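Participant: Supplied in structure tokens, the structure appears directly below.
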Amino acid sequence: MSGGCMHISKLQLVNYRNFARATVKFEKGVNTIIGENGSGKTNLFRAIRLLLDDNLLRMAHRLDDRDFHRGLGEWRGHWIIISLEFTDVSQDETIQSLFLHGVGTITGATIDKATYNLIFRPKAAIRQRLSQLAAGDETALSELRREISLADYETVFTGKSSADFTDPAVYQALVGDFDAVTFPDELTPAEIGNIVPGMFSIAREIGFTFIQALRDVVAEFQNNRTNPLLTLLKGKSGEIDPAKFAPISGLVTDLNTAIEGLDDVRAIRTDIRDTITDAAGETYSPKSLSIKSDLSDEADRLFQSLKLFVGEAEAGYEGGIHELSLGGANLIYLTLKLLEFKYQKVKQTFANFLVVEEPEAHIHTHIQKTLFDRLNYDDTQIIYSTHSTYISEVSNVENINILGRDGGVCEVYQPAAGLDPKQIGNIQRYLDAVRSNLLFAKSVLLVEGDAEEILIPILIKQVFGLSLDELGISLINIRSTGFENVAILFHDQRIRKNCAIITDLDQAFIDLTTNPADTPAQKKAKDKATGSQTSGAARAGRLNTLCTGNSWLSTHLAHYTFEVDFIRAGNAAAVVSILGEVYSDGATIALAKTELESGDIVQYGTRVLTMAKHVGKGWFAIILGKAITPDVHIPDYILDALFMVHRPVSDEILASIIDHRLKVQLKTVGVLPAQVAAMRVYLDLFRSGDIDFPFVRTEMLTAFPGDRINTILARL
């Protein structure tokens, strides 16, 4: 067969493991699947392998109740559907006939798209009985479902399907509506495609290599079934000329004979024979007993004795795989699996697929990036899964699928869906190793300043006792990129995760009225404040427009700037406490203290911005971070952003926050341990579900009315 460039363009999963219904889209070349642990990457790969991996084909006929999506509750009667769509199917006559025979979708005279589906469904007799149920008869349905077992299920492969299996209405039409108890009369609907005969399998016509996550490579090398070196050698042994191997077989036979002829070996054989006879008697002893050398003279078996030795660091010394570092061993394993793929690719299949699960495991970050850049074979579709930001950094955003988890359901997002090339280009340039974090996050806070990036995590940790990571929030500093270029990722069409933008309205707090008596410095300050106020209002307008109608996105504005709003929230004392680290002159420190404590925004606003400018905004934030205590007031707009992205707040998180505040109270002057112990009783009742959140919130307010957390809990 001539080489083609057929590739998977779509994978649909219905009721399979942690996917209720999902569509994954693929492009030619290299594709990346990213997501947190437990988001379904391994299950997604298994689904592809059930259709395309010859090694897993028998498992396709052994699906069981654990393969059904748990969200179904009662699985009996439901179908599992795994559907692949291929695009750019080769025009080669042999391939055309294969797809005409099996899985093609005819466009004109030739086929360029094909579908191939695995359907796990009740057998015809059960489908017939379901179709005969009276509409709405839930009792009869329950009785029938109780009778159904896995023995009543079948696995069928189909092609040429036209149905969008992930559409709930289509699924109900094909399978049935279990709530309304209505089932289709048509038992073999044309939409699911033609059943592919058992003798035909795409898996046997394509090149498919799966490289699993590298977790215990040494064990893989020690296992003859999974040893990648042995796989390569076995593959080659079939190509060895028997005539060339004959002298080696002769040497092995001579070696076996020589070993058996050693005096010690003969003596031990005689001793064993005599000892058995003495112990069991002649009647029960073996009739013969030999000690033989078992070196095989067959190429296949002989290759099992070959081991790979590698020199990693020390010149002149080569050790076994078990002596290598994890990274070294994994790199060797990956290399051998890639070589296995290359050998397979040479065999002229009409499509080649290389599927790699988490290549980053134990591999140095530099190698990760290099590996990803270089793994690009002609006429091969490559699909990676990863949670490495270094690999996602060099991934093409148009070829990324993100897996997210919403409760027990896994969802799939395509971050570039619906965007124009310019927008995609902006995002691609933006996603470096730090910022590509936002693709992995459960939720995102976008900021554009060093002060926010440094101080917001400290504020949250001090007040709540939890890090942003523990809350499942990534805070990303977009710097001068522009919020719009990044925030467009969070949308119903793209990444369905909460994202809050935190920025400054930059309203002026000084009188902007022009006065002929103004000094040049005063005029300059007013002009600058006017410009900032104008651009702040314009930015707020643009961002509010961007967020309109988008439930995943919101904007939260400091009235003035972060530093000014921080004092305005009631934190003058924290800024006063660091004056000695900003200024060395006593008179300046005294004046600054007066201004910061004045309560007059013109005075404290001007002073705090002067301080930040004096040492640099980033360094000012670092100094201020050391002065933050659990009594700090978090500005309202930051709290609004936090609770917009982290919602709903779980009882576990609420209990952790209250627990942290009780530890703070224990260190507070005048608070007795008995008071804290009494409140802990209510906290334990809340944790066990015996009282609800409003109850425990009221008890906290009653016990410690001055605790900073009460005003925050009142929002929830």
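Participant: May I ask for the net charge around N15, where only other residues with Cβ less than 11 Å from the Cβ of N15 are counted and Lys, Arg are +1 while Asp, Glu are -1? Let's see the in-between values first.
Facilitator: Values: positive: R17, R21, R70, R121; negative: D67.
Once all neighbours under 11 Å are counted, the net charge is +3.
Participant: Still on this structure, please answer the following. Using per-residue counts of other Cβ atoms within 10 Å, averaged over each peptide, order 13-24, 581-592, 513-524 from highest down.
Facilitator: Sorting 13-24, 581-592, 513-524 by mean packing, highest first, produces 13-24, 581-592, 513-524.
Participant: A further question on this structure: On a 29 Å Cα-Cα criterion, which of the cross-link pairs K244/K292; K28/K422; K524/K626; K25/K123; K28/K123; K25/K461 come out too long?
Facilitator: Flagged as over cut-off: K524/K626; K25/K123; K28/K123; K25/K461.
Participant: If packing is taken as the average number of other Cβ atoms within 10 Å across a peptide's residues, how do 448-454, 699-705 rank, most packed first?
Facilitator: Ranked by mean Cβ neighbours within 10 Å, highest first: 448-454, 699-705.
Participant: Once each part is reduced to its C-alpha centroid, what is the distance from the range 59-86 to the range 529-592 in angstrom?
Facilitator: First find each Cα centre; the distance between them is then 53 Å.
Participant: Ordered by packing density, taken as the mean number of other Cβ atoms within 10 Å over each peptide's residues, highest first, how do 689-696, 175-182 rank?
Facilitator: 175-182, 689-696
Participant: Name the residues whose placed amide hydrogens come within less than 5 Å of the amide hydrogen of G35, ignoring near sequence neighbours (fewer than 5 apart) on the same chain.
Facilitator: Answer set, sorted by chain and number: T386, L403.
Participant: Cross-link partners among aspartates and glutamates for K497, C-alpha distance below 14 Å, same-chain residues fewer than 8 apart left out?
Facilitator: By straight Cα distance, K497 reaches E36, D406, E411.
Laboratory data are not the source of any read-out in this text; all were calculated from the coordinates shown. In this text, all values refer to a predicted model and were calculated from it rather than measured experimentally. No Cβ is skipped: glycine too gets one built from the backbone with ideal geometry, and neighbour counts run over all protein chains shown.
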